[in-house]
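S.K.: Starting off with a structure, shown below.
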Amino acid sequence: MKSRILKRLKEDNGIISGRQLSDELEISRVSIWKHIQKLQEMGYPIVSTAKGYRLRHCPDLLYPWEFPDRESQIHYHHEVGSTMDVARDLARSGCPHFSVVISEKQKNGRGRLKRPWLSSKGGLYFTVVIRPEIPPVLSPLLNFSAAVAMVQTLNEQHQLNAQVKWPNDILVSGRKLAGILSVMEAEGDLVTYVNIGIGINVNNDPTKKEPNATSLRKELAKSVSRQRLLSGFLKRFEEKSKTETVTGIITEWKQHAATLNRPVRVVTHNEVFEGVAVDVDDSGALIVKDKNDALQKIVCGDCFQS
Ligand code: BTN
């Protein structure tokens, strides 16, 4: 009912009376009033005047009904430990493909290599549950596909030059705007789910604790709609995950890469590679040409431009 009331308020930029809402939605005026109160508590700026109710503006909220095309797949939370944990439990209990767990804040947001991910209010933190029919070895490609979908959405919506940095960072002006973490489970030769978690600094400011990070608000000098960004990303990512081939994903990723053809230093858990990043192969591994012109294939690590 709340989403139906909101829909009517959004359609009618002016004022709509309690009586009209009650007639149209076939519930009592008292029920309408109770729903309006609840919506106000949820953050919708609805004013109530002698003539009726008016939504002052559409706030940037991420409740399921703000995504009408996929409302039943959105799991919204004010605060969780990590959306990765909530998504894992959902995936294990059989939730549908492309379920999305969103949280306004995370107490224990995490990044790659068990690093913490600052998750204060104003950012966008979510995990998408994917159920692709692929062998486990191909699952890292979904990371690449998500990174490309996000970069393309950012560039289209905000005329930015966002880029991807191997393996899974999204940079703007050389600073980290977003990160992607994925977790996969498989049974035998088939993936049962891949959870893709994305954290983007949108209207939050991570720079006090992370000087090399940035946010959309900082880059664009204005607040940005998380709702529009998430909606655009999900549409694009869903389309890509249906249609793209392995080579297609990697080719697109390379077109947006900040890392390629540059001198890099790649730190893995037990080695450091220095050289020029010359390619990313079809498995998603980074190929670095070292000072002896030998090609090193790196599957996992942190890449720094040197
Ligand atoms: C990285 O750059 O190391 C990856 C960061 C991934 C952060 C996101 S925020 C949503 C999801 N929940 C988490 O705990 N982590 C991912």
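The values are calculated or read from the model by the stated rules, or taken from the named source; none is laboratory data. What you are looking at is a predicted structure, and each value in this text was computed from that prediction instead of being measured. Cβ atoms come from the backbone with ideal geometry, glycine included; neighbour counts cover every protein chain shown. Just the protein is used for accessible areas: all its heavy atoms, side chains included, with ligands, DNA and RNA removed. Shrake-Rupley method; radii C 1.70, N 1.55, O 1.52, S 1.80 Å.
S.K.: Once R0 is set to 51 Å, what does the formula 1/(1 + (r/R0)^6) return for the Cβ-Cβ distance between Gln40 and Val267, expressed as a FRET efficiency to the nearest 0.05? Intermediate results must be reported in sequence, preceding the final value.
M.R.: Numbers: r = 50 Å, r/R0 = 0.99.
It comes out at approximately 0.50.
S.K.: Let me ask something additional. Using all alpha carbons of the range 88-184, what is the percent of pairwise distances in each 10 Å bin, ordered from the shortest bin to the longest?
M.R.: Taking every Cα pair in the range 88-184, the percentages come to 14, 43, 37, 7, 0.
S.K.: Ok, one more. Under 10 Å, Cα contacts only: if you run a Gaussian network model on the chain, which one of Ile27, Ile180, Ile16 comes out with the highest mean-square fluctuation?
M.R.: Greatest mean-square fluctuation among the candidates belongs to Ile27.
S.K.: For the chain, what is the mean residue ellipticity at 222 nm derived from helices alone (per DSSP H run of n ≥ 4: -39500 (n - 2.57); sum divided by total residues; nearest 500 deg cm²/dmol)? Don't jump to the answer; show the numbers that get you there.
M.R.: Numbers: 8 runs with 93 residues, N = 306.
Rounded to the nearest 500, it is -9500 deg cm²/dmol.
S.K.: Oh, and also: Could you calculate the contour length gain from Leu295 to Arg29, that is, 0.36 nm times the residue separation minus the distance between their Cα atoms, to one decimal place in nm? Write out the running numbers ahead of the final one.
M.R.: Numbers: separation 266, 0.36 × 266 = 95.76 nm, distance 7.22 nm.
Gain in length upon complete extension: 88.5 nm.
S.K.: Please find the FRET efficiency linking Met1 to His78, where r is the Cβ-Cβ separation and R0 is fixed at 30 Å, and quote it to the nearest 0.05. Let's see the in-between values first.
M.R.: Numbers: r = 21 Å, r/R0 = 0.69.
That pair, Met1 with His78, gives E of 0.90.
S.K.: I would also like to ask the following. Take the alpha carbon atoms of the range 115-136, find their center, do the same for the range 193-235, and report the distance between the two centers in whole angstrom.
M.R.: Their Cα centres are 13 Å away from one another.
S.K.: Once you place label points 7 Å from the Cα toward the Cβ at Ile287 and Ser173, how far apart are they in nm?
M.R.: Computed distance between label sites Ile287 and Ser173 equals 3.5 nm.
S.K.: While we're here: For the range 101-180, state which GluC sites (Glu not before Pro) are in a DSSP loop and have at most 13 other beta carbons lying within 10 Å of their beta carbon. Walk me through the intermediate numbers first.
M.R.: Working: sites: Glu104, Glu133, Glu156; in loops: Glu133.
Those satisfying the criteria are Glu133.
S.K.: Same structure again: Run the accessible area of the chain with a 1.4 Å probe and give the carbon-and-sulfur part as a rounded percent.
M.R.: Values: 7390 of 15320 Å².
About 48 percent, which is the carbon plus sulfur part of the accessible surface.
S.K.: Filter the GluC sites (Glu not before Pro) in the range 1-84 down to the DSSP loop ones having no more than 15 other Cβ atoms within 10 Å, then list what survives.
M.R.: Working: sites: Glu11, Glu24, Glu26, Glu41, Glu66, Glu71, Glu79; in loops: Glu26.
Hits after loop and neighbour filter: Glu26.
S.K.: Can you give the charge dipole size of the chain about its Cα centre, rounded to the nearest 20 debye, using +1 on the beta carbon of Lys and Arg and -1 on the beta carbon of Asp and Glu?
M.R.: Working: 43 positive and 35 negative charges, 289 e Å.
Its charge dipole is roughly 1380 debye.
S.K.: Could you name the lysines whose alpha carbon sits less than 22 Å from that of Lys254, not counting residues in the same chain fewer than 8 places away?
M.R.: Filter leaves Lys165, Lys176, Lys235, Lys240, Lys242, Lys289, Lys297.
S.K.: Another question, if that's okay. Please pull out the direction-averaged projected area of the range 262-305, using the convex hull of its alpha-carbon atoms, in nm² to one decimal place.
M.R.: Values: hull surface 11.0 nm².
Mean projected area of the Cα convex hull: 2.7 nm².
S.K.: Also, I was wondering about something else. Among Gly275, Gly174, Gly52, which one moves the most in a GNM of the chain with springs linking Cα atoms closer than 10 Å?
M.R.: Highest fluctuation of the listed residues: Gly52.
S.K.: Hey, got the Cα dimensions of the chain along the principal axes, in Å, largest first?
M.R.: The Cα atoms of the chain stretch 80, 45, 32 Å along the principal axes, largest first.
S.K.: With a ≥ b ≥ c taken as the square roots of the eigenvalues of the C-alpha gyration tensor of the range 174-306, please select rounded if a/c is under 1.5 and otherwise prolate if a/b is larger than b/c or oblate if it is not? List each step's numbers first, then the result.
M.R.: Working: a/c = 1.88, a/b = 1.19, b/c = 1.58.
Oblate shape, in that a/c is at least 1.5 and b/c is the bigger or equal ratio.
S.K.: Among the trypsin sites (Lys or Arg not before Pro) within the range 145-254, which fall in a DSSP loop and have no more than 12 other Cβ atoms within 10 Å of their own Cβ?
M.R.: Details: sites: Lys165, Arg175, Lys176, Lys208, Lys209, Arg217, Lys218, Lys222, Arg226, Arg228, Lys235, Arg236, Lys240, Lys242, Lys254; in loops: Lys208, Lys209, Lys222.
Listed in order of number, the matching sites are Lys208, Lys209, Lys222.
S.K.: What FRET efficiency, computed as 1/(1 + (r/R0)^6) with R0 = 25 Å and r the Cβ-Cβ distance, is obtained for Lys222 and Leu61, rounded to the nearest 0.05? Present the calculation step by step, with values, prior to reporting the outcome.
M.R.: Values: r = 18 Å, r/R0 = 0.73.
Working from the Cβ atoms, E equals 0.85.
S.K.: Roughly how many Å² is the accessible area per residue of the chain, as a whole number, for a 1.4 Å probe?
M.R.: Working: 15320 Å² over 306 residues.
Here the per-residue accessible area is 50 Å².
S.K.: In a Gaussian network model over the chain where Cα atoms closer than 10 Å are linked, find which of Leu234, Leu113, Leu62 has the largest mean-square fluctuation.
M.R.: Top of the fluctuation ranking is Leu113.
S.K.: Using a cut-off of 28 Å between alpha-carbon atoms, which lysines can reach Lys38, once sequence neighbours fewer than 8 places away in the same chain are excluded?
M.R.: Partners within reach: Lys2, Lys7, Lys10, Lys51, Lys105, Lys107, Lys121.
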